[in-house]
Structure formats: structure tokens, C-alpha cells
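Remarks on the structure that follows.
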Amino acid sequence: MNTTRIGHRSFPLIRLFLIMLSLFAVSYPLSARPSGNPLPIPPLLEDNDPSPERESFNLVAQNGAREFFPGSRSATKGYNGSYLGPVLRVWRGHNVTVNIENRLNEKTTVHWHGLEVDGAMDGGPFYPHASGERWTVRFTVDQPAATLWYHPHVHGLIGEQVYRGLSGILIVEDDITENLPLPKDYGINDIPLILQDKRFDSGGNLLYKTSVADLMHGMFGNTMVVNGAVNPYLDVGARKIRFRLINGSNARTFELSLSDGSSFKQIATDGGLLEQPFETRRLVLSPGERAEIIADFSGYKEGSTLSLVTPGLEVLRLHVTGTAKDDTRIPKKMVSIAPIQESSAEKKRTFVLEQMGPNVTINGKRFSMNRIDEKVRFGATEIWEIRNAGMGGMMGPGRNFMSRFRGMMMMRGGMAHPFHIHGIRFQVLERNGQKPSPAEQGWKDTVLLYPGDNVRVIAKFMRKGAFVYHCHILEHDDLGMMGSFVVE
Ligand SMILES: [Cu+2]
């Protein structure tokens with residue numbers, strides 16, 4: 001037992017060293033390249049319903065091919081195209097219909113990450129659709145404006161399907177947000193960024209899961225891909241720009257900052273706007289999480305260049321063009337978020353995340369399609385306490401040094417795991433006994449747990465059906481780091 005533990009602890013360090021080497025190897029040619037690829041902006045999907053109170057969309061999951069690097073075609077998958085998908089924009093209170101067709105050669109689902117819908121519409125692992133199948137999803141939007149996303153959720157296939165390109169953005173709009181003076185010209189000063197790291201061989205071909213370490217740690221890449229483009233750049237006016245950040249990576253947690261150290265304002269978390277914006281220089285975003293930030297480029301000279309970066313990787317180069325008219329403002333108070341009272345909770349549950357090499361479990365169990373782990377009363381308020389059993393507390397003085405590499409989520413004594421719950425939005429009550437930081441004081445549906453972390457969240461379960469909770473490192477999810485619950 002002892003030998004196994006020591007081996008497990010020291011292995012990530014070797015792995016870390018190798019990954020750092022590979023990062024340095026790719027960073028030189030990337031930064032030396034004089035120009036990159038203009039950032040693609042995912043198109044807004046056409047609403048086929050003429051009624052102003054309803055939205056209707058068509059989505060086709062299909063195989064494709066993409067030249068991430070000129071001359072190298074990689075097999076990909078996408079919605080209505082060869083890679084990623086269009087943006088579905090829906091309004092609070094509206095009835096939404098999505099007609100979906102599976103033109104892949106394997107089964108798939110479409111899960112609406114962060115959207116509160118009944119279990120049967122959630123696209124979780126209990127509802128796979130075979131190759132060639134068509135189906136219709138219907139839901140009524142009843143939650144605040146937010147940046148959500150959609151992706152497949154077939155147990156065992158989620159990692160590769162997302163990695164090959166099956167992801168898209170779902171934007172919820174509401175009247176409150178519409179009337180705020182925030183930047184909201186889509187593609188102009190309101191820019192979505194689907195952040196993914198991918199691994200390419202020296203010929204520019206996309207690689208997936210080439211070693212057992214890719215299972216254990218999740219699939220880490222050596223190259224950033226943003227909205228489907230490698231080496232992306234964006235021309236921005238010298239004004240405020242809102243970025244909707246979606247961590248669509250299989251495993252990497254980003255620690256985002258601007259390369260010149262400038263601060264920016266975070267305005268939203270997974271489930272919508274914060275009550276108040278707050279200023280920061282660093283944003284941690286684990287797989288599945290979203291955030292919205294506003295960076296102000298009005299103080300930059302025309303022709304300035306800076307980058308959005310994460311340790312070891314350039315995420316997006318920003319070229320500041322001339323001055324631009326800017327009548328946007330970031331209000332001091334944006335929305336109201338009523339705290340869910342702890343005293344209203346009728347039940348507390350505990351979820352322990354554990355990893356021994358490729359054996360990843362929640363409460364000692366791997367996911368089974370034939371087992372329901374938790375039963376929740378419809379309408380109940382519950383407190384869920386999530387604990388990462390990794391040994392963060394034993395790291396001692398190594399913690400500061402290692403924290404520089406947290407972006408890779410590999411630490412002595414275990415990994416960080418992002419925990420996502422379907423069908424609800426939650427509020428973070430406490431992280432390790434402390435009030436959560438401003439970045440976790442809004443609505444959340446995914447929360448990152450470093451080794452040793454203990455996070456308590458509270459939620460109301462207002463949708464019926466079968467759902468899952470799971471680690472959003474997609475290879476861990478595929479290995480069974482997932483559990484199920486029924487609301488009835
Ligand atoms: Cu995990």
C-alpha cells in the first residue's frame with residue numbers, strides 16, 4: 001500500500017517535468033511566428049420560429065476535418081459544421097425547441113451545461129441517441145442571463161467527442177441584463193472565447209489519448225485553440241471589451257491574466273452576472289466553468305499588442321486598433337442575487353472525490369447506468385458538501401512553488417477535480433471553512449476542488465428527472481468519476 005502511494009505521488013512530478021519541456025518546445029515557434037489566425041467568432045444560429053416569444057433551432061452533430069495547421073487535415077466533429085458549433089441565443093421566459101440530428105457514426109447526446117431543464121431534456125448519459133437518430137428537445141428558459149454551453153455526454157465517449165470539436169455556446173438573455181449599459185454588441189465588443197488546449201504532433205495532426213497518463217491526468221495539450229483557431233489574434237478597439245470565457249478543455253485549468261499585468265473586471269460566473277463587478281489580475285477557470293470579464297483598452301495606444309495568457313501558453317493575442325466610441329459602462333450594482341438560506345435546507349449530503357491513478361471515484365463508487373446514487377425530493381433545498389480526498393494538506397512548503405503549475409492541475413498528493421452538478425444552479429456557502437472569494441459569490445454549476453479542499457454548496461432542486469454530478473475532467477468522467485441522482 002505504501003509503495004503504491006509513494007509511486008502515485010512521485011509520478012506526477014516526472015509527468016510535470018515532461019509537460020513543461022514540451023511546453024517550452026512549442027512556445028518558441030508560436031511566439032516567433034509574425035502573424036497568426038484571426039479569431040473566428042462562432043455564428044449566432046438562426047431562430048426558425050417567427051414568434052418573438054419562442055425560439056426554434058436545428059443542430060446536426062457531424063463528422064468533419066479541419067486544417068488547424070495548413071496542409072495537415074485532422075479528423076474532427078462539429079455541430080452544423082466541421083468543428084465546434086453555432087451560438088444558440090435564448091430568452092428567459094421563452095419556449096425553446098431544438099431539433100437535433102446525429103450524423104456521427106456513433107451515439108451521442110446534447111447536454112445543456114448550466115441550463116435548468118428536466119432530466120429527460122438534459123442530454124445526460126441516460127439518454128443516448130444512436131447514429132442516424134433525430135430527436136427534439138423542448139424547454140422553457142427560467143433562469144437569469146448567462147453564458148452556458150452545450151456538449152455531448154455519452155458515458156465513455158464524452159472525452160473524445162468534445163476533444164474532436166463537439167461544443168457550442170448557449171447564451172441566455174433577460175430584460176435586466178438587456179437594460180444594463182454593459183458591452184453587448186456580439187462579435188464587436190462582446191466576444192465569446194471557447195478556450196481549449198489540444199495536442200498536435202510535429203506535423204500538425206491532432207492527437208488524442210496517447211498514453212495511460214492521458215487517462216490519469218486527463219488530456220492535456222501543447223497548443224491553445226480558441227474558437228477553433230490555433231495562434232489566434234483579435235483586433236480590439238481602444239475601448240471596453242467583454243469576453244465570455246468558456247473553459248472547453250478536457251482537463252486544463254486556466255489561470256488567465258493579461259501579459260502586461262493590467263487588471264480587468266470580472267462581471268459574471270457560470271450562472272450569470274455577479275451582484276457587483278470586481279477588479280482582478282488573475283482568473284482561474286477549470287474545465288466546464290465560465291466567466292465574463294471586461295478589459296478596458298481605452299488607455300492603450302493604437303498599435304499596442306498584448307496577450308491573454310495562462311502559465312506556459314499564450315491564449316489570445318490582442319492588437320489594439322484606433323480609438324473607438326464607447327458608451328458602455330460597468331454599473332457598480334448589476335443584479336440582485338438572493339442568498340439561499342442555510343436554514344431552509346432539508347438535507348445535507350457529502351461527496352468525496354478520490355483518485356488512485358486511473359481509479360477515480362465519488363463516494364468510493366464508479367458510475368453505473370444501472371444505479372441511482374441519490375434521491376432528492378422535488379422542490380427541496382439541499383446542502384452538498386464536496387471533498388477532494390487528495391492530500392493537499394501534506395504539501396507544506398512545496399505548495400507555493402507548486403501552485404505555479406496549478407494550471408496543469410497536477411500536484412503532489414493528487415489532482416484538482418472540477419465538480420459539476422446537472423439540472424441546478426448552486427451558491428457556494430464555504431470553501432475550506434471560509435466565505436468564498438468574489439469569483440465564487442455568484443451562481444455556479446461547476447466548482448474546482450484542489451487536493452484537500454472542502455466546498456459546501458446550496459441549491460434548490462426545481463427540475464424533475466434523472467441527472468448526474470461528475471468531475472469535468474472529461475477522461476475522469478469517462479472513467480466513471482460520476483454519480484447519479486433522481487429528483488421526484
Ligand atoms: Cu477529476
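Calculated over region 224-276, the projected area of the Cα convex hull averaged across directions stands at 5.1 nm². Volume per residue of the convex hull around the Cα atoms, evaluated for region 337-487, comes out as 110 Å³. Helical runs assigned H by DSSP (4 residues or longer) give the chain a calculated mean residue ellipticity at 222 nm of -3500 deg cm²/dmol, each run adding -39500 (n - 2.57) before division by the residue total. The antiparallel fraction among DSSP beta bridges confined to the chain stands at about 70%. The radius of gyration of the Cα set in the chain, together with its Dmax, comes out at 21.3, 66 angstrom.
The residues PHE467, PHE297, when put in order of fewest to most other Cβ atoms within 10 Å, stand as PHE297, PHE467.
Charge dipole (Cα centre; +1 on Lys/Arg Cβ, -1 on Asp/Glu Cβ; no other charges) of the chain amounts to roughly 1280 debye.
The orientation-averaged projection of the convex hull spanning the C-alpha atoms of region 182-323 amounts to 9.1 square nanometres.
Counting Lys and Arg as +1 and Asp and Glu as -1 over every other residue whose Cβ lies under 15 Å from the Cβ of GLY78, the net charge comes to +2. Cβ-to-Cβ counts within 10 Å put LYS332, LYS347 in ascending order as LYS332, LYS347, the fewest first.
Sorting the Cα pairs of region 54-199 by distance into bins of 5 Å, from 0 upward, gives 2, 9, 18, 22, 19, 14, 9, 5, 2, 0 percent per bin. The eigenvalues of the Cα gyration tensor, multiplied by 5 and square-rooted, give region 119-165 an equivalent ellipsoid with semi-axes of 21, 15, 10 Å from largest to smallest. Positive end of the dipole of the chain (Cβ unit charges, origin at the Cα centre): among PRO331, GLY119, ASN231, the Cα lying farthest that way belongs to ASN231. By DSSP, the beta bridges lying fully in region 337-487 are antiparallel in about 75 percent of cases.
Simple point charges give the picture: +1 on the Cβ of Lys and Arg, -1 on the Cβ of Asp and Glu, and for region 337-487 a dipole about the Cα centre of about 180 debye.
Backbone geometry of region 146-155 corresponds, through the Karplus equation with coefficients 6.51, -1.76 and 1.60 at θ = phi - 60°, to 3J(HN,Hα) couplings of 6, 9, 10, 8, 10, 6, x, 8, 6, 5 Hz, x marking Gly and Pro.
If you take the Cα centroid of region 59-76 and the Cα centroid of region 312-379, the two points sit 30 Å apart. With the convex hull drawn around the C-alpha atoms of region 124-216, the volume per residue stands at 187 Å³.
Values in this text are rule-based calculations from the coordinates and carry no lab data. Everything quoted here is computed from the prediction, not taken from an experiment. Using ideal geometry, Cβ is built from the backbone for each residue, glycine included, and neighbour counts are taken over all protein chains shown.
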